Amino acid sequence: MSRNPVLVAILAVALCVPGMRSAHADPAPPSLGDAEAQVIRLEQEMVTAAEDYHEAKVLLDESQARLDELMPKYSTVEEQYAERQRGVDELASAAYTTGGVDAMAMLLSTGSPQTALDQLTLLQMLHAHRHDQLAELSDTRGQMREAKDEIDAQVGTRAEQERVLREKQTRINEDLTKWGKLRDKLSGRPKGAKIVSYDGQGQGLSAVVLRFAFDQQGKPYQFAAAGPSAYDCSGLTAAAWGRAGVQMAHSARQQYASFPHVSPNDLQPGDLVFYGEPIYHVALYAGDGQVVHAPQPGQNVQVVPVSAPGRVSGAARPG
């Protein structure tokens, strides 16, 4: 069988020219630069997603609390309405009969037309009074049912938002863990951060707060955790101030909204320092230009310069 010289020449060139052997060559493995870029991107997505989730969870809890408070009142009104309805039905049966049979029996039993008439009139008055009471209770019942339906719908909507944000955060966390491990492997960087001793900054409640926060150094970041073995950013601040008797929401944005604001240029030990617009991170000011915070997945609670977590967008002073 003869060979086509043109085809042979084309094949020879294809085999010798780089890049022409396969149109689908295996991609190069990620470099350290690739891993670091992915980690930076995912860390930013993580803190935003975590704060979105916390805010949605706080709002869901508020709606659920409203529903829990309403339900006993709603059940009581339903029971009262049913009881009043039975009373109205019984009076209606006594006052309004078919064919006047009960009225004749009443006349015969009393022996006096006037007495029988008075008793019938009394039954009608009682029926009208209870009917008015039932109508008033019906209005209250209707208003409470509307409120319940509204809160039910709100709980459903916020529960769905919380679920979507939780799943989003889980996906980001999985990717961040993968890229973080690759980055650490390629860079050979040591894990963990230096533990800094508490130097007595702060007075009164703020001293209690900072002593507790410094003691948490080395514990890992964990989404939605508020101790005792792991924390996220707002979980650490809430737990620290909770140790001093000040309760706050597990959400950086809710914490910012709950306490008096102070200038970032006038920080005092124990103040809450917030980052980003919209807010996505919170730390505790430790004095001397330092904050203690729970940074990101793969990192531990640590003390860093106040500018390390990002651009400061505000501060608040609990207590």
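Throughout, read-outs are computed from the coordinates displayed, never taken from laboratory work. The model shown is predicted, which means the values in this text are computed figures rather than measured ones. Glycine also receives a Cβ, built like all others from the backbone with ideal geometry; neighbour counts cover every protein chain displayed.
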Using modelled backbone amide H atoms (1.01 Å from N, in-plane), which distant-in-sequence or interchain residues come within less than 5 Å of G314's amide H?
-> F274
Cα centroids of the stretch 155-212 and the stretch 269-319: how far apart, whole angstrom?
-> 12
In whole Hz, what ³J(HN,Hα) sequence does the stretch 173-179 give by Karplus (6.51, -1.76, 1.60; θ = phi - 60°), x for Gly and Pro?
-> 4, 5, 5, 5, 4, 4, 5
Dividing the convex hull volume of the alpha carbon atoms of the stretch 200-267 by its residue count, what do you get in Å³ per residue?
-> 101
In Hz, Karplus ³J(HN,Hα) per residue of the stretch 199-215 (6.51, -1.76, 1.60; θ = phi - 60°; x = Gly, Pro) | 9, x, 5, x, 9, x, 5, 5, 5, 4, 4, 6, 4, 5, 4, 5, 5
What residues have an amide H closer than 5 Å to that of Y280, excluding those fewer than 5 places away on the same chain, when H is modeled at 1.01 Å from N in the peptide plane?
-> Y275
May I ask you to derive the relative contact order of the stretch 205-316, considering only C-alpha pairs under 8 Å and at least 6 residues apart, and to give it as an integer percent?
-> 30
Projecting the Cα atoms of S229, V262, G218 onto the charge dipole of the stretch 195-316, where Lys and Arg contribute +1 and Asp and Glu -1 at Cβ, the residue farthest towards the positive end is S229
Counting only residues 5 or more places away or on other chains, whose amide H sits under 5 Å from the amide H of Q299 once H atoms are built in the peptide plane?
-> Y221
Among K57/K148; K73/K168; K181/K219, the pairs whose Cα-Cα distance exceeds 27 Å are K73/K168
J(HN,Hα) series, the stretch 155-171, from Karplus relation 6.51 cos²θ - 1.76 cosθ + 1.60, nearest Hz, glycine and proline x = 4, x, 5, 5, 5, 5, 4, 4, 5, 4, 5, 5, 5, 4, 4, 5, 4
In the stretch 167-288, how does Rg compare with the Kirkwood Rh, expressed as the Rg/Rh ratio over alpha carbon atoms?
-> 1.00
